[in-house]
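J.: One structure coming up, written as structure tokens, with questions to follow.
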Amino acid sequence: LPLLDPTRLGGLRRRSLARRLLAELALVGDVAGTDPVTVAAVRLAAGAPLDIDHVVGAARAAHKQGELPLAIRLCEAIAAAERTTELALLLAELLTDIGRNREADSVLHDLHGHDDEERALIAMTRAVNLGIHLDEVDDAVAMLDAAIDELSEGPWAAEVLGLRGVIELMLGRPHEALRRVEPFLDTGSGREFVEAATAAGPALVVIGRCEQAAELAQASLDERMALGDQAMLESAGLHAL
């Protein structure tokens, strides 16, 4: 993978190397058994056709492996030909992770989801970027409130309400944060519980209910670990902390 990095090799040498690697993979007939990140990186460098489903999977795996520039190159390569909501969300998340926040917001600016899941993820991704990374808290709050009004009652609306509680906590209003998310703490499972706990745990500490905060942190850590990889959901490390 380092040899296929555009900062390491010129375009012609990189493409020549990648085409030789593709030919070798074809000869051994083991492309399917090869690390998907490696295969996608080789195909990208070789100028070979890219399948969107494979690219999304490889980009997520590259993200997990810490290969963020490669994950972004993969997303950008396929986005020119086919822009899906899943791809746009992943690209925006990756751009946010490396501090390209204005670009991340522009990726989602005119995107409209087809269902509650997509609409919630778009609103949360943009709100985190605007409110936490760009310090445009008022815009983030307005975006979340609009999503809450639009979404049907259910787990996705509950998760957006959880993030709204996180924003209240960041604004120094722990009691208001707790009030907003408390209805979702009793479920003990699902993304909405984990999101609610992200706001409620620190809020409970601030107002002096530390034993309850510790119990909630353990339960939310366990649930976050059980959920595994998830788009736009805080890492388990936050609950461990």
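The values are calculated or read from the model by the stated rules, or taken from the named source; none is laboratory data. On a predicted model such as this, the values are computed, not experimentally measured, just so you know. For neighbour counting, all protein chains shown are included, and Cβ atoms are generated from backbone atoms with ideal geometry for every residue, glycine included. All accessible areas refer to the heavy atoms of the entire protein, side chains included, with ligands and DNA or RNA removed. Shrake-Rupley method; radii C 1.70, N 1.55, O 1.52, S 1.80 Å.
J.: In segment 45-60, how many residues are open to solvent by less than 50 Å² (accessible area, probe 1.4 Å), more than 12 Å from GLU82 (Cβ to Cβ) and either within 24 Å of the chain's Cα centre (by Cα) or β-branched (Val, Ile, Thr) (or both)?
T.: 3
To keep it simple, each residue is scored yes or no on (1) open to solvent by less than 20 Å² (accessible area, probe 1.4 Å); (2) not in a helix (DSSP H, G or I).
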residue: ALA158; (1), (2): yes, no
residue: GLY165; (1), (2): yes, no
residue: GLU168; (1), (2): yes, no
residue: ALA177; (1), (2): yes, no
residue: THR187; (1), (2): no, yes
residue: ARG191; (1), (2): no, no
residue: GLN230; (1), (2): no, yes
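J.: Pick from ALA197, ALA203: which is in contact with a Phe, Trp or Tyr (Cβ under 9 Å, 6 or more places away or on another chain), closer than 20 Å to LEU221 by Cα and of a type in the set (A, V, I, L, M, F, W, C)?
T.: Numbers: ALA203 fails: in contact with a Phe, Trp or Tyr (Cβ under 9 Å, 6 or more places away or on another chain).
One residue alone meets the criteria, ALA197.
J.: Separate question: Consider segment 91-108. How many of its residues are open to solvent by 60 Å² or more (accessible area, probe 1.4 Å) and either free of Cβ contacts under 8 Å to residues at least 12 places away in the same chain or within 13 Å of the chain's Cα centre (by Cα) (or both)? Step through it out loud before you land on a result.
T.: Of all residues in segment 91-108, those open to solvent by 60 Å² or more (accessible area, probe 1.4 Å) come to 97-98, 100, 102-103, 106.
Then keep just the ones that are either free of Cβ contacts under 8 Å to residues at least 12 places away in the same chain or within 13 Å of the chain's Cα centre (by Cα) (or both); that gives 97-98, 100, 103, 106.
Within segment 91-108, residues that are open to solvent by 60 Å² or more (accessible area, probe 1.4 Å) and either free of Cβ contacts under 8 Å to residues at least 12 places away in the same chain or within 13 Å of the chain's Cα centre (by Cα) (or both) number 5.
J.: Does any residue of segment 188-203 turn out to be free of Cβ contacts under 8 Å to residues at least 24 places away in the same chain and either under 18 Å from the mean Cα position of the chain (by Cα) or at positive phi (or both)?
T.: Restricting attention to segment 188-203, the residues satisfying the condition of being free of Cβ contacts under 8 Å to residues at least 24 places away in the same chain are none.
There is no residue in segment 188-203 that is free of Cβ contacts under 8 Å to residues at least 24 places away in the same chain and either under 18 Å from the mean Cα position of the chain (by Cα) or at positive phi (or both).
J.: Something else now. Does segment 119-156 hold any residues that are among the polar types (S, T, N, Q) and open to solvent by 40 Å² or more (accessible area, probe 1.4 Å), and which are they?
T.: Here is the first cut: in segment 119-156, the ones among the polar types (S, T, N, Q) are 125, 129, 152.
The one that is among the polar types (S, T, N, Q) and open to solvent by 40 Å² or more (accessible area, probe 1.4 Å): SER152.
J.: State the number of residues belonging to segment 82-108 that are touching a helix residue (DSSP H, G or I) at 6+ places or on another chain (Cβ under 8 Å) and part of a loop (DSSP other than H, G, I, E, B). First the steps, then the outcome.
T.: Initial filter on segment 82-108 (touching a helix residue (DSSP H, G or I) at 6+ places or on another chain (Cβ under 8 Å)): 82, 84-99, 101, 103-105, 107-108.
From what's left, part of a loop (DSSP other than H, G, I, E, B): 82, 84, 98-99.
Residues in segment 82-108 being touching a helix residue (DSSP H, G or I) at 6+ places or on another chain (Cβ under 8 Å) and part of a loop (DSSP other than H, G, I, E, B): 4 in total.
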